[in-house]
1. If you take every residue apart from E115 with its C-beta less than 14 Å away from the C-beta of E115, what net charge results, scoring Lys and Arg +1 and Asp and Glu -1?
2. Hey, what did the chain get for relative contact order, percent, Cα under 8 Å, at least 6 apart?
3. Over 11 Å, how big is the tail of the calculated P(r) for the range 156-195, in percent of all Cα pairs?
4. Roughly speaking, to the nearest percent, how much of the chain's 1.4 Å accessible area is carbon and sulfur?
5. With no solvent and one point on each alpha carbon, what is the Debye value of log10 I(q)/I(0) for the range 138-182 at q = 0.21 Å⁻¹?
6. What distance in nm separates the two pseudo spin-label positions at D66 and K165, each 7 Å out from Cα along the beta-carbon direction?
7. For the chain, find the longest principal axis of its Cα atoms and tell me its angle to the long axis of helix 24-33, 0 to 90°, nearest 10.
8. Which aspartates and glutamates have a Cα less than 18 Å from the Cα of K167, not counting those fewer than 8 places away in the same chain?
Amino acid sequence: MAKGEILITRHGKPAGVPIGFDSEDDWFDYRLENDPVFLQRIASARESPRSGRGTKLDHSKVEPMDGCGVVVPIGTHAAVGGPHDGPTPGDIPCAALAACQDSTMRLVANLLGVELTSLEVSVIATVDVRGAMAVGPGVPVGFQTMTCNICFKARVGTPPELLEKLKLAAERCCIVQQTLKSPPPVKTTFITSGPAQ
């Protein structure tokens with residue numbers, strides 16, 4: 001089979017060349033970057049605060065635990081019109097899952113008498129932001145997938161069956177992971193105050 005570029009013609013004249021995608025993510029990014037409705041919504045979201053209309057999307061702050069004294073600045077993702085200069089709301093559940101899985105691995109390892117020599121947890125989530133921007137009725141709001149990768153090493157000589165118990169129990173006992181897998185009902189209450197004086 002011959003290799004080379006495929007040329008698309010229109011009325012006998014060159015009109016284009018097909019673009020190859022290395023992954024489904026690349027294909028999704030291409031569609032998102034070329035969706036006129038989505039691009040218009042993003043442009044509008046960015047322009048409103050600049051022109052004195054709407055609410056600025058720059059930053060908010062979250063105190064993860066009342067009275068802890070730690071405040072986390074929260075940015076807004078560029079894909080929905082923000083400056084993307086800090087952790088975004090979508091990064092928080094990923095960080096919560098990674099932190100919970102890390103501490104659960106350590107706790108369960110101690111209970112089983114397994115000495116961990118290294119542990120690293122990372123979480124990757126995918127989302128189609130068109131759902132959050134109300135572009136297309138069939139696009140859901142929220143993460144489509146979440147992947148939790150746990151890379152660890154135990155002391156040489158640890159029995160393999162003990163490592164299997166560790167993996168099973170660490171996944172089963174991770175509160176955030178189990179909450180994400182079987183989410184509870186969430187009740188939202190909006191409290192409005194009167195007009196500013």
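1. With Lys, Arg at +1 and Asp, Glu at -1, the neighbours total +3.
2. Result for the chain is 14 percent.
3. 74
4. With neighbouring chains kept in place, the figure for the chain is 58 percent.
5. -0.84
6. Once both label points are built, they end up 4.0 nm from each other.
7. 40
8. Cα-Cα hits under 18 Å: D102, E115, E120.
The values are calculated or read from the model by the stated rules, or taken from the named source; none is laboratory data. These numbers were taken from a predicted model, which means no experiment stands behind them. Because the Cβ atoms are built from the backbone with ideal geometry, glycine has one as well, and the counts that use them run over all protein chains shown. The protein model used for the area step is the full one, side chains on, heavy atoms only, and it has no ligands, DNA or RNA in it. Shrake-Rupley method; radii C 1.70, N 1.55, O 1.52, S 1.80 Å.
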